[in-house]
1. Enumerate the calculated ³J(HN,Hα) couplings along segment A:417-428 in order (Karplus 6.51 cos²θ - 1.76 cosθ + 1.60, θ = phi - 60°), each rounded to whole Hz, writing x wherever the residue is Gly or Pro.
2. Have a look at A:Asn206, A:Asn228, A:Asn218 and tell me which one the Gaussian network model of chain A (Cα, springs below 10 Å) gives the largest fluctuation.
3. Could you let me know the centre-to-centre spacing of segment B:426-470 and segment A:162-195, using Cα atoms, in angstrom?
4. Among the aspartates and glutamates, which have Cα under 12 Å from the Cα of A:Lys408 when same-chain residues fewer than 8 positions away are ignored?
5. Tell me, what is the FRET efficiency for A:Glu429 and B:Glu165 to the nearest 0.05, using R0 = 35 angstrom and their Cβ-Cβ distance as r?
6. With contacts defined as alpha carbon pairs under 8 Å and 6 or more residues apart, what's the relative contact order of chain A in percent?
7. Rounded to the nearest 20 Debye, what is the dipole magnitude of the protein assembly as shown about its Cα centre when Lys and Arg each give +1 and Asp and Glu each give -1 at the C-beta?
8. Out of the GluC sites (Glu not before Pro) in segment B:413-470, which ones are loop residues according to DSSP with at most 13 other C-beta atoms within 10 Å?
Amino acid sequence: MSIVTVQLGQCGNQIGHEVFSALCSDIRGTHGLCSKKENESYQDSCKERFFCEEESGVPVARAVLVDMEPKVISQTLSMAARSGHWKYSNHSHFCQKQGSGNNWANGYSVHGPRHKEAIMNLVQKEAEKCERLGGFLTIMSMAGGTGSGLGAFVTQCLRDAFPTSFILNHVVWPYGTGEVIVQNYNSVLTLSHLYHSSDALLVHENDVIHKICAQLMNIKQISFRDVNQVIAHQLGSVFQPAHTAGGGSGYSRNPLGDLMEALVPHPEFRMLGLRNIPQMPESSLPYSTFSWPGLIKHLRQMLIANAQMEEGIDWQVRPPHPGLHPLHKKPLHFNTSIANLVILRGKDVHSADLGSFQDPSLYTSWLNPQDAFNAWKTPRAFNKYEKSAALVSNSQFLLKPLDSIVGKAWNMFASKAYLHQYTKFGIQEEDFLDCFTTLEQVISSYTNL
Amino acid sequence: MTQSVVVQVGQCGNQVGCRFWDLALREHAAVNKKGMYDEALSSFFRNVDTRVVCLLTEFKFFPFSKALLIDMEEGVVNEILQGPLRDVFDSKQLITDVSGSGNNWAVGHKIYGCQYRENIVEKLRKTAEHCDSLQCFFIIHSMGGGTGSGLGTFVLNLLEEEFPEVYRFVTSVYPSGEDDVITSPYNSVLAMKELNEHADCVLPIENESLFEIVNKIHQMINSGKLGSTVKQNSLVTSSAGSAKTQVKPFDAMNNIVANLLLNLTSSARFEGSLNMDLNEISMNLVPFPRLHYLVSSLTPLYTLADVNVPSRRLDQMFSDAFSRDHQLIQADPKHSLYLACALLVRGNVQVSDLRRNIERLKPSLQFVSWNQEGWKTGLCSVPPVGHSHSLLALANNTCVKPTFIELKDRFMKLYKKKAHLHHYLQIDGMEQSCFSEAVSSLSDLIEEYNELDATKGGPRVDPSRLKIAV
């Protein structure tokens with residue numbers, strides 16, 4: 001089954017390009033560490049999922065590029081073409097001249113309706129190229145105007161036009177200390193709208209990835225390209241083909257569907273966090289060895305203690321005692337999960353024991369622990385890492401950052417600052433209040449796990 | 001590509017504008033090696049034909065500016081048309097008269113405004129037609145005289161009426177206390193009312209600050225303290241390469257303003273990892289419609305000849321942007337309240353450098369309670385000519401308040417004695433109420449800043465959040 005990717009705004013397009021690059025370089029690599037047959041099956045599956053074959057033999061990404069100003073798309077198209085290994089179709093992008101001015105209302109209420117037909121035509125064309133459509137992945141940031149506002153509008157359109165397809169929104173959360181001053185408003189508006197139309201939100205926070213770049217990748221002068229490459233690696237570890245049923249029955253034919261089934265049992269809880277270990281500079285890879293027990297132990301503690309990366313994990317945090325009455329306070333800093341998915345890739349993957357993730361004390365009480373935890377094991381190694389483990393988690397991972405964003409936005413809203421910029425494009429105070437209400441509900445639900 | 005039109009009004013406006021076009025051409029020539037018309041150039045220039053240009057040998061075409069030159073006396077515009085930039089403008093972009101406005105806002109606004117209204121609208125329309133996507137008008141003028149101040153604000157009004165969706169950025173040169181035009185306070189306050197009501201963003205500039213910057217640079221060069229030589233064309237005050245023409249007295253100062261405009265628009269013209277367009281500047285820096293006065297500062301003012309830039313020097317650049325001597329008005333943002341701040345960096349600077357410096361500088365700056373992280377950032381990969389990197393900081397800060405208060409005081413000094421009032425009141429359409437409305441508009445503005453200042457330093461009480469029934 002194929003996934004159509006919609007890249008929205010500067011961030012969406014910059015990351016989208018890195019994702020396709022990473023996927024392509026992974027399947028071209030010779031570090032699969034598995035049988036030739038397995039490797040070929042992996043390559044075919046990835047190509048079917050993300051690329052379409054053209055007469056020239058160069059794989060064409062199944063993607064639609066959207067931006068309200070031309071510079072980023074033109075850069076993205078040319079960078080892809082220059083690689084020689086893959087490219088974007090010449091007819092799959094839509095751009096305008098003026099940008100959205102970091103204004104969610106401009107993206108949603110003005111650009112959205114104005115360009116709906118043109119954009120949805122491009123999406124329809126890409127969807128028709130797929131023999132079997134597995135759903136949509138949108139990539140956007142929520143701080144600006146296009147990715148956030150137009151992104152929310154496009155997601156709604158996707159939902160209306162493809163009511164039975166899966167929609168996964170990959171959303172990038174901005175640095176806490178402003179990239180954009182009105183980022184909290186834009187974020188609140190985006191998240192609340194996405195919650196109504198998409199199936200799940202897969203989140204990356206710039207602050208977290210920045211730390212990974214600084215402390216694990218040892219990059220001195222971190223650029224957005226570095227950040228985007230780490231994000232692409234993490235997304236690749238989730239979206240590359242994986243065996244979902246118990247070994248040997250081929251790669252998943254319905255990646256997004258499997259993801260949703262594993263992780264979103266209840267519509268109120270749709271925020272997914274992502275962790276991937278190990279993460280290190282490519283030059284260190286030949287000198288490092290890993291064991292599955294070690295990786296799994298670290299990943300589990302990262303889940304429990306809500307650690308953002310494999311360094312600095314707080315090992316003191318423990319799950320609550322199994323006999324604990326549900327009304328007794330859970331231990332401080334303990335991250336309760338609704339559902340978790342662990343994806344293991346690499347050497348001897350079948351020897352890996354994930355029993356520790358099935359511990360019922362990790363989870364909220366209203367789901368059977370067998371249903372709450374899923375594991376996908378794939379012997380084919382990913383992106384030169386001999387062993388890698390990814391965790392996609394529907395848990396309280398994002399509770400604090402979400403609460404912080406809503407708090408700051410509320411603070412600004414109370415002083416009415418910047419509201420005139422939104423009302424002039426049709427987003428009124430009542431609309432803001434509705435969005436705040438939606439998100440406070442989400443926060444409350446996650447808090448009371 | 002977002003496109004802009006520059007409207008330069010009056011002597012000051014045209015002299016600054018002239019410097020802007022010169023520097024813009026040099027910047028694009030340095031980046032655009034092939035000399036062909038490209039997207040970046042389309043932001044300010046239009047392509048007319050492909051003949052080889054004799055004068056501007058960097059380009060293989062005539063880069064006609066998207067500009068309107070307006071002056072009510074001919075001297076300045078004529079000089080421009082005889083200078084090295086003559087081919088950049090064509091006669092259809094000019095509106096001139098003979099006798100000037102006599103330093104009288106009313107003459108500029110009411111008499112010439114009326115007289116030239118249709119002419120101006122027609123020429124604006126023509127210029128706008130050359131843009132397939134017009135985003136912004138830049139008005140350059142001074143506040144203290146008659147044409148720039150009066151006719152300039154008349155044009156501002158016109159732009160709002162005729163092109164309501166296009167942003168209006170105004171670069172206004174404010175008169176200093178020792179201005180030699182006696183009626184400059186009247187002209188300025190009358191113009192302020194128009195700026196309050198019709199501009200999207202105003203970048204106030206004071207000659208005193210420009211003068212101090214120029215002096216500082218001269219001192220640096222002459223003192224020889226630096227050890228290594230300063231790169232000539234890196235001076236923010238230099239008219240790079242125009243060694244043949246006589247350097248006029250205000251040229252150095254005007255170059256600073258021209259550089260400000262170049263840096264402001266750089267992210268719209270060139271690529272970068274985090275673009276910052278003009279509409280984003282207006283969106284992020286204007287929390288309330290009337291509080292749209294932005295204090296600007298530019299660094300560096302010059303580059304030393306050695307090319308390697310240790311990050312210490314990069315950090316110094318950020319610190320400088322917040323120091324008094326780099327501001328383009330006589331104000332001290334560091335000790336007042338920030339409503340919002342934008343940093344537009346050009347050159348080989350990455351997001352980690354930005355973050356590090358914001359973290360470093362934040363503790364010493366006071367931000368209003370509802371905008372504690374009020375930073376807007378942009379990264380443009382193309383540095384200005386002669387530099388490896390540069391920074392433009394735009395702050396919406398209550399430090400403009402003293403400037404406005406002083407202006408109001410100077411106005412009141414004259415107004416109480418009714419000095420020179422008759423020159424204005426004898427103009428058709430001018431009444432006493434024009435003056436009282438103007439000063440009241442200014443007072444209201446000052447009051448808005450006062451209210452914000454009052455929140456400074458007080459205990460921070462966050463409003464309570466919405467409660468959800470569980």
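1. My calculation for segment A:417-428 gives 5, 6, 4, 4, 5, 8, 5, 5, 10, x, 9, 9 Hz in order.
2. Highest fluctuation of the listed residues: A:Asn218.
3. Here the answer is 33 Å between Cα centres.
4. Straight-line reach from A:Lys408, under 12 Å: B:Glu373, B:Asp462.
5. Using R0 = 35 Å, I get an efficiency of 0.90.
6. 18 percent
7. 1900 debye
8. Answer by residue number: B:Glu431.
The values are calculated or read from the model by the stated rules, or taken from the named source; none is laboratory data. Bear in mind the structure is a predicted one, so any value in this text is a computation, not a measurement. FYI the Cβ positions are ideal-geometry reconstructions off the backbone, even for glycines, and counts take in every protein chain you see. For the accessible areas, the whole protein counts, side chains as well, though only heavy atoms, and no ligand, DNA or RNA atoms are used. Shrake-Rupley method; radii C 1.70, N 1.55, O 1.52, S 1.80 Å.
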